[in-house]
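The values are calculated or read from the model by the stated rules, or taken from the named source; none is laboratory data. Here the structure is a predicted model, which is why all the values come from computation and not from measurement. Using ideal geometry, Cβ is built from the backbone for each residue, glycine included, and neighbour counts are taken over all protein chains shown.
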Amino acid sequence: MKFLQAGKIFLRRLLGRQLPFSVKLTLSESRIQYLSKPGSISERIPVNIFLDVIPELKKLGVFKVILEGLSEIPVSESGPLLQELIKNGITITATSYGCLLDSLGELRNKLDHVNFLLDGTEEVNDRLFFPGSFSGIIREMETCDTEGIRFHITTTLNRLNINRLTEIVDLAGIYGTFVGFQPLKHHGITFLRELEPAKAEFKNALDQLMMMKTTARSGFIRNSLTGLLHIYSSPDFGKLSCSAGKLFFSIRSDGKITPCEFSDQSPSDLPSITEQDWVKKIAGLSDMNEYCNGCGFCGELETNLFHNGKYLPLLHLGKL
């Protein structure tokens with residue numbers, strides 16, 4: 001996030017205004033088991049319905065949209081969506097696990113930022129996502145570097161990568177970017193629960209990351225020291241007033257609106273963008289998420305810390 005955007009968040013906090021600045025829009029659910037999330041999606045709504053939502057997001061004050069599943073939809077649908085976002089002055093971040101840019105073709109120049117999901121070395125990443133995902137990410141990072149598209153890495157801490165985090169930090173350093181680390185949230189899904197690292201290994205890894213924050217590698221790590229301390233005892237986190245539903249919210253591929261993509265609310269309790277009065281119902285989202293349940297997902301956590309007046313170094317604001 002640019003410093004101007006961070007300033008807007010701080011101003012909203014001073015004024016007591018709970019206006020969303022960011023929305024995560026899932027266009028299509030991933031078929032990758034490792035990316036499983038809570039709540040079943042019966043059927044995704046047509047992408048053209050999202051087009052009518054974008055002007056309303058602008059009116060709400062949203063200036064950043066994170067697109068997930070962009071590589072899963074045809075260019076004939078993604079093109080008009082990207083154009084509408086740009087028309088409304090909303091910046092675009094897209095999530096990639098190694099097959100995004102080729103699917104977009106020339107449309108990739110519409111992206112402001114790419115978030116690469118990279119969870120280990122080639123052997124580990126290809127096992128978790130799909131064969132060739134690691135080399136695909138490397139190729140796409142090189143394309144972004146050449147074409148001037150900003151990017152960063154997000155890594156979920158699991159038992160397969162927990163002892164090899166330095167390699168990921170150094171990879172971020174090679175490409176002049178940063179990596180955000182976040183704990184695994186298994187949502188009760190057996191496959192994900194089995195990937196949860198042992199508590200002793202997790203704390204040892206956090207100790208190493210906090211040590212790196214005092215070295216030349218610090219700039220390659222997105223997490224603040226405050227954020228790393230917050231997730232140190234994962235999954236037993238301290239309470240933190242959560243900004244989900246206030247400063248950001250998510251729209252699922254079926255049109256349901258949730259405070260956070262990892263919220264566990266029943267779909268029947270969630271409003272939908274297909275409802276005529278969905279904008280009015282945004283105000284009630286924060287009531288569903290009174291306290292952060294400790295998922296520790298990096299971008300959301302750091303934004304929560306900043307919004308709650310926790311100390312974050314000035315230079316760190318650009319990485320929110």
N125 meets each of (1) surrounded by fewer than 17 Cβ atoms within 10 Å (Cβ to Cβ); (2) farther than 30 Å from K58 by Cα; (3) free of Cβ contacts under 8 Å to residues at least 24 places away in the same chain with one exception, condition (1)
Test A200 against the criterion of being free of Cβ contacts under 8 Å to residues at least 40 places away in the same chain, surrounded by fewer than 18 Cβ atoms within 10 Å (Cβ to Cβ), over 18 Å from L184 (Cβ atoms) and of a type in the set (A, V, I, L, M), and give yes or no.
-> no
Scanning segment 185-197 residue by residue, the ones that are in contact (Cβ under 8 Å) with a residue 12 or more places away in the chain, in a helix (DSSP H, G or I) and either surrounded by fewer than 17 Cβ atoms within 10 Å (Cβ to Cβ) or out of contact with any helix residue (DSSP H, G or I) (no Cβ under 8 Å at 6 or more places or on another chain) (or both) total 1
From the set of residues in segment 134-168 that are crowded, with 22+ Cβ neighbours inside 10 Å and among the hydroxyl-bearing types (S, T, Y), which is nearest to L184 (Cα to Cα)?
-> T156
Which ones in segment 156-178 are at pLDDT 95 or above, outside any loop (DSSP other than H, G, I, E, B) and either under 15 Å from the mean Cα position of the chain (by Cα) or among the polar types (S, T, N, Q) (or both)?
-> T166
Tell me the helices (runs of 4 or more DSSP H) entirely within segment 26-142 that contain at least 3 residues that are among the charged types (D, E, K, R).
-> 47-60, 75-87, 122-128
Looking at segment 218-239, which of the residues that are in contact with a His (Cβ under 7 Å, 6 or more places away or on another chain) and either under 29 Å from I282 (Cα atoms) or among the charged types (D, E, K, R) (or both) is surrounded by the most Cβ atoms within 10 Å (Cβ to Cβ)?
-> R222
Subset of segment 202-220, residues under 26 Å from I32 (Cα atoms) and over 22 Å from the mean Cα position of the chain (by Cα), comes to none
Which of the following residues is more than 19 Å from Y97 (Cα to Cα) and of a type in the set (S, T, Y): T154, T177, T166, T143?
-> T166
Given (1) modelled with pLDDT under 80; (2) farther than 15 Å from G255 by Cα; (3) surrounded by 15 or more Cβ atoms within 10 Å (Cβ to Cβ), where does G39 come up short, assuming only one miss?
-> (2)
